[in-house]
Amino acid sequence: MKFPLEWSQKVRELNTETSKTLVLLDAAAYVPTSKLSLAKKDASPDFVILSFYKIFGFPTGLGALIVKNELEPILKKGYFGGGTLKTVIHNVPWQTFPHELVVRYEDGTVNFQNIIALDYAFDSMERLFKGYKNISNHVQCLITYLSRSMASLRHWNGEPVVSVNSDRDFSDNKQQGGVLSFNITRSDDEAVGYLQVERLASMNGIHIRSGGLCNPGSISRWNDIDVEESIQNFVHGKVCGDENDIFNGKTYGAVRLSIGAMTTIDDILIWLDFFRKYYVEKKPLSKGKKFLIK
């Protein structure tokens, strides 16, 4: 799900002389398939964070923080490392930092080998895909086909197999990126645990992600879990990343399929064949006969 950059401007319009809100945009999942323009200063966020790993798959452990120059004075370091000091005194808490923002905040030896690799990564992406527009259009076509195919699946009794965790139009790449999050139910309306799906997919050579996906708001909304339930379930042992995908009758996450520049239509068809084989019931299951992966 994508949100308009203009929201940053709407937030600023609420600022007063005594209260000011700054906007940080987490663009890590956005920039792998969509071009991010910060040309309109008033409509742009104050800070942007992104991951080069999510764009290219390599190098790992390398990202960027983009800061509006005018906000530099409000940034205060909580610690310091090598290469970020002009002067330091050993026995009192006093030190001075370089004026350059980048130098001041890149503590220690920078990851220079991976930084060098970025040049080749950007060149390769441009050579292969000829720009972000082609990547975005490619992803839009695949996610539209995938989402419609998944949403149309029905069990033998007409009950839907999949509930998609989105109310957006997947064919509109201004609203939706290349991520499909969903949950599965059997023909008797019993939920299928997301961990089972991920493990079975892995056994069939398909890599997907499942779980809470670092998104507690979506877990609550799409699985109808309120605040009190979340707290009480934690008290009784439910925590993030555990093996309890279904707890007290409710699913605590989802299955997620991610489409990128390198995804092909063959990948989509392989997934759909796998999913129909294992999760679309063609006839009533015998009592007690349910497919489980542990």
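For the reader, a short list of remarks on this structure follows.
- Looking at the range 173-212, the trypsin sites (Lys or Arg not before Pro) that sit in a DSSP loop and have at most 13 other Cβ atoms within 10 Å of their own Cβ are Lys174.
- Once the chain from Ile89 to Ile66 is taken as fully extended at 0.36 nm per residue, the excess over their C-alpha distance is 5.2 nm.
- Antiparallel bridge percentage (DSSP; both residues within the range 6-129; nearest 5): 70 percent
- Across the chain, the mean sequence separation of Cα contacts (distance under 8 Å, 6 or more residues apart), normalised by length, yields a relative contact order of 16 percent.
- FRET E, pair Leu272, Ser202, Förster distance 25 Å, beta-carbon r, rounded to 0.05: 0.90
- Each part gets one Cα centre, and for the range 235-285 versus the range 29-59 those centres are 28 Å apart.
- Packing-based ranking of 82-89, 15-22 yields 82-89, 15-22, ordered from highest to lowest mean Cβ neighbour count within 10 Å.
- Note on the range 132-279: with charges restricted to the Cβ of Lys and Arg (+1) and Asp and Glu (-1), its dipole about the Cα centre is near 500 debye.
- The region of the chain that goes longest without hitting one of the chymotrypsin sites (Phe, Trp or Tyr not before Pro) in a DSSP loop, each with at most 16 other Cβ atoms within 10 Å, is 157-290.
- Prolate/oblate/rounded label for the range 6-129 (Cα gyration tensor, a/c 1.5): oblate
- Inter-label distance for Ala191 and Thr264, nm, one decimal - labels placed 7 Å from Cα along Cα-to-Cβ: 3.7 nm
- Within the chain, helix-based [θ] at 222 nm, where runs of 4 or more DSSP H residues each add -39,500 (n - 2.57), nearest 500: -10000 deg cm²/dmol
- Full-extension gain in nm, Leu14 to Ser37, via 0.36 nm per residue minus C-alpha separation: 6.0 nm
- Taking the range 6-129 and dividing mean pair separation by its residue count, relative contact order in percent (alpha carbons under 8 Å, at least six apart): 17 percent
- Subtracting the Cα-Cα distance of Asn215 and Ser124 from their residue separation scaled by 0.36 nm leaves 29.5 nm.
- Overall form of the range 187-288 per C-alpha gyration tensor (a/c, 1.5; a/b vs b/c): oblate
Read-outs throughout are calculated quantities, based only on the coordinates presented, and are distinct from any laboratory measurement. Just so it is clear, the model here is predicted, and its values are computed rather than measured. Positions of Cβ are backbone-derived with ideal geometry, glycine not excepted, and every protein chain shown enters the neighbour counts.
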